[in-house]
1. Using the Cα centre of the range 137-349 as origin and beta-carbon charges of +1 (Lys, Arg) and -1 (Asp, Glu), tell me which of 144, 182, 166 is placed farthest towards the positive end of the dipole.
2. Using a 1.4 angstrom probe on heavy atoms only, work out the carbon and sulfur share of the accessible area of the range 158-207 in %.
3. Just report the Cα centroid separation between the range 1-73 and the range 286-355, whole Å.
4. Test of understanding: in a Gaussian network model of the chain with alpha carbons linked when under 10 Å, which of 183, 64, 101 would top the mean-square fluctuation ranking?
5. Out of 243, 257, 52, any idea which swings most in a Gaussian network model of the chain, alpha carbons joined below 10 Å?
6. Using label points projected 7 Å from each Cα along Cα→Cβ, tell me how many nm separate residue 290 and residue 162, to one decimal.
7. Once the cut-off is 32 Å, how many percent of the Cα-Cα pairs in the chain end up in the long-distance tail?
8. Using the crude model of +1 on Lys and Arg Cβ and -1 on Asp and Glu Cβ, and no other charge, please compute the dipole size for the chain relative to its Cα centre, in debye to 20.
Amino acid sequence: MTSRLENLRAVLQEKRLDAIFISTPENRRYMSGFSGSAGYLLITPREAILATDFRYVEQAERQAPDFRVHRISSGGQWFADLIRETAVRRVGFESEDVSVATHRRLRQALKEHPPSSSVTLVGSVGIVEELRSRKDQDEMALLQRAIDISDEAFDTVTANIKAGETEIAVGRRLEAAMRELGADGPSFDTIVGSGPNGALPHYLAGDRPIREGEPIVIDMGAKYKGYCSDLTRTIILGTPDETFRRVYDVVLGAQLTAMATVQIGMTGSQTDGLARKVIEEAGYGDNFGHGLGHGVGLAVHEYPRVGPMGSDILESGMMFTIEPGIYISGWGGVRIEDVVILEDSGARTLSKARKLERIGG
Ligand code: ZN
Ligand code: ZN
C-alpha cells in the first residue's frame, strides 16, 4: 500500500491538489486495503486518513495499518474537522461517484464549520482508476486466482449440461461451483443466453430450457479477495447449424487476431479495430455492437477502455478482456472472452477455460 500512496501523491502534486477525498469503494480498497462497505479516505502529501462509522472502526484499523482511522459522527462536521486539521485548501473529490446530495452536504459542513482558510472542492475523474489500470504482483496473483476459479467452474459445469435444463439452473450451478472453489461470489450476475436470448446484450438467465443445436452464450466471473474475473464462452449441444459454423469462426478469428497482434503503446480504439476489421470484412460489422474489451481488477469493468472510443494507451502490466461478438436478432449470438495481460512481447492469455476450436463451414 505504501507504494500506492506514493504514486497517488505524485499525481496529486501534478494536478496541484492538496488532498483527495476518495469515496469509490474499489478505490478505497485499493488505496487502503479496507474492504468494508462504508467509509472515505482523505489523502494529503503527509497524511492518510480513513473515515468510517463505528461499525467498521476495528476492521479498518486491522486492514489499513498505513491509515489513521477517524470515526465518523452523524452529519457532516467530521468532514469539516478533517479539512481543518489537515489545513488543505484544494481538495479533489471523485465527481463520478459523489452524489449531488453528498456534495451539497460536504459544502454545507464547510460553511457551518469553516476552516481557517477557504477550501475549494475540485471535481476529479479517474485519478485512482488510472493507477489501478497497471497491476502490481499482488494483484496479478489475485486476478489469476479469480480467473482460474471461473475457468474451472466453467469446465466442470458445462461438461454435463443436458438439453431441457433451464438457463437459470445452469447459471446457479456455475455460481455454486465458483463458491465451492473459493470465490467470494460471482463478480456479476451470470449470463446464460440460449438460442435467440444470446442476441440480447443485457440478458441474464431465464427459465428457457436449453435446446440442442442452438448457441449458448455463457458470460461469468468469480470474485476472489475483491478481484474480478470475466469469461465468456459460446457452446452448443448437438450439431451446429451453418450459421453457427460461420459466425463462430469469424468471432474466434477476430479474437485470436486481436490477441496475437495487440501491443504496448496501442490505444484502446486501435486494439478494438484489430478484431473489428475481421468481423467487418466477414460482413458482420453491424452485428458487433459493443467494445472489444475492458480492464479487470477490483471492478469487473475498469480502465483501460478497449473500444472504438478508447483513447487509453495500453501499457505493460495492464490486464483486460478481449471479447468480440456477433449477434443476430431472432437467432442468437456468439461471444468469446478471455483475459490477457500485456507484456513486452505482446498479450499473454490468462484464461484457460475450454474453447471450441475453429469449426469451419
Ligand atoms: Zn464477460
Ligand atoms: Zn467483459
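1. Positive-most Cα among the choices belongs to 166.
2. Numbers: 1330 of 2440 Å².
Carbon plus sulfur share of accessible area: 54 percent.
3. Answer, in whole Å: 30.
4. Among 183, 64, 101, the largest mean-square fluctuation in the Gaussian network model of the chain belongs to 101.
5. Between 243, 257, 52, it is 243 that shows the largest mean-square fluctuation.
6. That separation, rounded to one decimal, is 3.1 nm.
7. Working: 25851 of 64980 pairs.
Of all Cα-Cα distances in the chain, 40 percent exceed 32 Å.
8. Values: 42 positive and 51 negative charges, 196 e Å.
Using only the charged Cβ atoms, the result is roughly 940 debye.
The values are calculated or read from the model by the stated rules, or taken from the named source; none is laboratory data. If you're wondering where the values come from, they're calculated on a predicted model, not measured in any experiment. All Cβ positions, even for glycine, are placed from backbone atoms using ideal geometry, and neighbour counts span all protein chains on display. Only protein heavy atoms, including side chains, enter the accessible area calculation; ligands, DNA and RNA are left aside. Shrake-Rupley method; radii C 1.70, N 1.55, O 1.52, S 1.80 Å.
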